[in-house]
Every structure is written in C-alpha cells, then in structure tokens.
1. What order do you get for 214-220, 273-279 when each peptide is scored by the mean count of other beta carbon atoms within 10 Å, highest first?
2. Give the separation of the Cα centroids, region 107-125 to region 146-182, in Å.
3. For the chain, build the charge dipole from Cβ charges (+1 Lys, Arg; -1 Asp, Glu) around the Cα centre, then report which of 118, 17, 264 sits farthest towards its positive end.
4. At 222 nm, what value in deg cm²/dmol follows for the chain if DSSP H runs of at least 4 each add -39500 (n - 2.57) and the sum is divided by all its residues, to the nearest 500?
5. Please list the equivalent ellipsoid semi-axes of the chain, computed as the square roots of five times the alpha-carbon gyration tensor eigenvalues, in descending order and whole angstrom.
6. Only Lys, Arg, Asp and Glu count, each charged at its Cβ (+1, +1, -1, -1), so figure out the dipole size of region 294-335 about its Cα centre, rounded to 20 debye.
7. Any idea what the dipole of region 1-156 comes to, in debye rounded to 20, about its Cα centre with Lys/Arg Cβ at +1 and Asp/Glu Cβ at -1?
8. For 57, 240, give the ranking by accessible area with the largest first, probe 1.4 Å.
Amino acid sequence: MKYRVLADTGVFVSELCLGAMTFGGRGQMWEVIGGMGQDAVDEMVARALDAGINFIDTADVYAAGESETMVGKAIRGRRSEVVLATKVRGRMGEGPNQVGLSRLHIIEAAEASLRRLGTDWIDIYQIHRSDPLTCIDETLRALDDLVRQGKVRYIGCSNLMAWQLMQALGISRREGLERFKCTQSYYSLVGRELEREMIPLLEDQGVGLLVWSPLAGGLLSGKFGPGREPGGEARRASFDFPPADLERADAIVEMMREIASGHGASVAQVALAWVLANPAVTSVIIGARRMSQLEDNLGAVELELSEAELAELDEASRLPLEYPAWMDVLPSDRRPGEVRRFDRLGRGLEDGA
C-alpha cells in the first residue's frame, strides 16, 4: 500500500480508502446498494487493514446509522490503526430538526455518530453536501467547537460547488475557525467535471481530494459495455447512479479493456490507476460487496499506466472547454506561429513543459 499526506495536516492516509456505503441494509435503497451483514463486514475490514489500508469512510445516513455501527464493531481493538471519517447532513429522523447543517443538528448528529462508532473521536468529520437553509458561518462554528472539544480532529466537506468551498475557506480564514482539509467529490473517467473549477481550487488552496465512485457506480468495472449485460447483482443494473453518457462510456471502457489486457490487469484497476495518477488526488474510496471485489481493487495501487496510456485515456474522456476556459486558447497574446499546448485540465503549458 502507498500513502499520501492529507492536505497540510501531516497525516498520511492510504491511497485506497475503504468505503462503508455497502455495510448494512436498513432501508430499501441500502438493500440494493449494500446489504452486507456484520460477519462479512468484519472480514472485509480486517482484510483491508491487513493490506495496509488505514482509512475508512462512512456516513450517518448509510443504512440509517447501521453502517457506522458495523464499522465501529469491525475496528474494535484496532481503532488506533484507522483514520476514521464520517459525515453529517442527511435526515436521521422524522423531526423537523433531524436534518441539515444547523448547530443543533450537527452537535446532536456528532454525538450519535460517536455512540454508533464506539469511539471517543472522529478523525475527519465531513458535511455531506450544502444546506441552503443554514448560514455557512453557523456550520463552521459548530464544527470548530467539535474540534476544540477533541471530539473531531479535522473537518471536511463533500459535494460542494467550487464557490461554496472557497466561501467556506475564506470565512474560516477571516474568523480564525477550523478550515476544511479535504473535499469528498465524484471523479472518474466518465465524470471529469471536477476538473473545470474544483481541482484547480484544491491545488491553489492546499485542500485534499477524496474521490468517491471512481468506477462510476460500477460502469467502469468491466461488467458493462457493448455485448455485456450485467446480472441483477450488479448495483448499477438497479441503481443507475451517478449519471453518465453511456455511449461515450462504452468507447472508453473498450479502450480500457485493451490497456488492461496489456498489463494483465482488470478494467477496474485501470480506472482506479487513472484517478490515482492525478496528483491532486489524496485517496480513492472503494466500495465492495464481495471480498473478490476488494482484492481486485487492492491491485490498483501497483498498476502504473504509461504516459502514452494516460494520454490516450485523457483524449478519449476529455471534457470540452467551456467559457471562460476557451478564452485561454485564443491567439491574441501569442506570437505568429506559436502553438500553445495544454495539460489534462486544459491549462496552458510552456514549450518544452
């Protein structure tokens, strides 16, 4: 296993993070996504830790709290080996205040997560998405209080727009509050929107990137593609998420098959290796329902794609430039005959770079 530092914390997390969204099955949606029982969870967590994974991510809404409870039991006796992350924002009851990012809900939700996880502290406490009804100042002050009380070590966010993250970072800097150290965001070969605004922001502000759904809900696992009909057990067969251009994805997957064959690797490993090749990425969250899926994902950290292979995949999956990015390709500030080249994020490269 390889490790990367989380922003400027000095804390090292494994390149692969074990996601716990498949743990538990309370609620109709979670039966489809996961449905794993405690014995299977215990086995998977133990295997992940033994393989060098030191990072586990869950959320209070996963299986209505069941996932957190299972994670807590699975890491009992090994808590010190784990950088433990969970999230707050989603509805946790029928009451009007059992949802959102108010101080009231955050404090109550944090205490409930601590009880379910069976721990005295949460290493990374993340807001699951924005809350338009709550002032971000209130949210940040509540999170700051949890850090000062020693119940949370670091805070993070998830699924924010770039302007929302920058707003939060600016408020934290101005008010002397704990700042978000990472964002958990969707990023994959068929979902590269993060490159438009968020990744440049993360690199500029020194914020870590935790990637969720690097296989696009199984679309890049190798089970899908022309001439392949996945069985009903495949999650995306019954839960079509995250959204993707399926026709474009088919062409990308076929290219991945060729690359995988040349390395003696799986299509899923190629998808994970491509994400890990981006230096902005801190860790990639993998979710598995079976041990064979976990074992396959573990092999991704040893797969290094060549520059030619990365360029081939980049070209096939590249996003079209949008305004104002396409302004940068105009020739108004270049000498006659000068050709400008761009990196995978559409940023200009100097000649010879």
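1. On the way: 214-220: 25.1, 273-279: 19.3.
Descending mean neighbour count gives 214-220, 273-279.
2. 18
3. Result: 118.
4. On the way: 12 runs with 129 residues, N = 353.
Here the helix-only value at 222 nm equals -11000 deg cm²/dmol.
5. Numbers: eigenvalues 215, 145, 66 Å².
Value: 33, 27, 18 Å, ordered largest first.
6. Details: 3 positive and 12 negative charges, 102 e Å.
I would put it at about 480 debye.
7. Values: 19 positive and 22 negative charges, 30 e Å.
For region 1-156, the charge dipole is close to 140 debye.
8. Values: 57 5, 240 105 Å².
Ranked list, largest accessible area first: 240, 57.
The values are calculated or read from the model by the stated rules, or taken from the named source; none is laboratory data. These numbers were taken from a predicted model, which means no experiment stands behind them. Note that each Cβ is placed from the backbone with ideal geometry, even for glycine, and that neighbours are counted across all protein chains shown. Ligands, DNA and RNA are stripped out before the accessible areas are found, and what is left, the full protein with its side chains, is counted by its heavy atoms. Shrake-Rupley method; radii C 1.70, N 1.55, O 1.52, S 1.80 Å.
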